[in-house]
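The values are calculated or read from the model by the stated rules, or taken from the named source; none is laboratory data. Quick caveat, the model's predicted, so the values are computed rather than measured. Here the Cβ positions follow ideal geometry from the backbone for every residue, glycine too, while neighbour counts run over all protein chains shown.
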Amino acid sequence: MQTKVVSPNVGNFVKSLRDIGYSMEVAVADVLDNSIAANASNINIYMVSEPELIFCMLDNGLGMDSEELVEAMRLATKDPESSRAQTDLGRFGLGLKTASFSQCKKLTVISKKNGKISAQQWDLDFISKENKWLLITPDTRTIARLPLFSELQNQDHGTLVVWQDIDGFSKNSLSDSIDNLRKHLSLVFHRFLEGIIGTKKLIVTVNNSPLKPFNPFNINHPATQQLSSEKLKLHDETILIQPFILPHHSKVSQQEYEQYATEEGYTKSQGFYLYRANRLLIYGTWWGLHRAIDAHKLVRVKIDITNNMDKYWRIDIKKSAANPNTVIKDDLKRIIRQTTEIGSRPYTGRGRKIEDKLTTKFWELDSLNGEIRFALNSEHPVLKKLITQLSDDNNELLHIYLKGLQAYLPLDAIQAQLQQNPHKINQEAALSKSEIISLAEKIKLSGLDNEFIDSLLKTELFKNYKELLQDGNK
């Protein structure tokens, strides 16, 4: 058998390597994983646009000596099939490099261990020019000018990651990028920021502003439903599953409701939330096992796995996509059915109120040939009274108007506003209390019979103002 070495065109390969699909915040999270794996308790992220756009991340982790740093800069440092420490958030040994390359052309890593500082640099333009994977050891004067370097010098140990020649985001969008980054890290690493049992709380600052953890399940609110947890066994490994039903908007303030909607909104945020070694990987997905609908928008299901179960979940390089195997999916389908049935109750329960037999409603549900529509209640006493007092021509005109009112009920707009701004909707404001009082006074002075007044007391108009008519009905 004859063989020959066919080396890749390094310049072209580098371009392909950069185009994996990282967003800025996902890339930063991937780099931050390394700091957590190095037992860091403090991580300082610094981003500025002047005099050049630059990103720095300094941790107080264990640090690396010169040999360890060179190995860390190697692509595919680790075998993805190998066993890892329980706290290791990596998998392929690519995260630091691919995440950084997706955002910048020059990656510098400086580390301090045992009192010595080591530095290495990948410069993609230099690599493309030389067509070789040449790792640069930058001189002391070069690294001394980098932000946060003096802070690293004053630490006993730690690592500083610097991005230069950034093209993954721009100076003009820096403010929005920082805002998105803060939200993403607060969610993805919320358990570390909250404090995991047996470890210190992780402190992460972005431009000197500390992050606050964002737990997507709103576990401290009394209206949050925490359903029965479940343990699934798979090849001697345990998968922990905990479903939650978030509070209905009527149970929380507008600010809190909008906060837990996240940037994606409740409908897109429903589904599974996959944690690997306490780090949130995937969230807001049903993995094609269930269709996302508004009735289930409060359902969120937490899944916990160890870092030894990656092959059963097909986790990608970016750690932002996964797909469980068939055996796991069968159990997840069952859990979906059980949880969504409970999760839809806050909406199906409220939907039945229109059929309340104790109150005479303005609207009712009308069913015909398998279709349903919202219809005005033709038996409402105010409408019936009005019809008897109108001429035939005006009666016909009113009839056409009410038919049009029903036919062109803006259901799409109503549904959109209920999803986007439920706390801002105040339909009852269309009829003020003073108007109801004025109407009651006119009714009492009109000499209407008691039977009609009794029928009015059962309507929505006077449900909460019965005393206004009862005084005149004695």
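Scanning segment 299-330 for residues that are charged (D, E, K, R) and either in contact with an Asp or Glu (Cβ under 8 Å, 6 or more places away or on another chain) or free of Cβ contacts under 8 Å to residues at least 60 places away in the same chain (or both) yields K311, R314, D316, K318, K319, K329, D330. The set of residues in segment 161-207 being under 28 Å from T142 (Cβ atoms), in contact (Cβ under 8 Å) with a residue 12 or more places away in the chain and of a type outside the set (A, V, I, L, M, F, W, C) consists of Q164, D165, D167, G168, S170, K171, S177, T205, N207. The residues of segment 184-231 that are under 15 Å from D33 (Cβ atoms) and touching a helix residue (DSSP H, G or I) at 6+ places or on another chain (Cβ under 9 Å), listed by number, are H184, L185, V188, F189, F192, L193, L202, V204.
Scanning segment 137-195 for residues that are within 27 Å of the chain's Cα centre (by Cα), in a helix (DSSP H, G or I) and polar (S, T, N, Q) returns S175, S177, N180, S186.
Among the residues of segment 320-337, is there at least one that is within 24 Å of G265 (Cβ to Cβ), of a type outside the set (A, V, I, L, M, F, W, C) and at pLDDT below 80? Within segment 320-337, one or more residues are within 24 Å of G265 (Cβ to Cβ), of a type outside the set (A, V, I, L, M, F, W, C) and at pLDDT below 80. Filtered by the rule that a residue be assigned to a loop (DSSP other than H, G, I, E, B) and either of a type in the set (A, V, I, L, M) or at pLDDT 95 or above (or both), segment 53-102 gives L53, N60, G61, L62, G63, M64, D65, L75, A76, A85, L89, L94.
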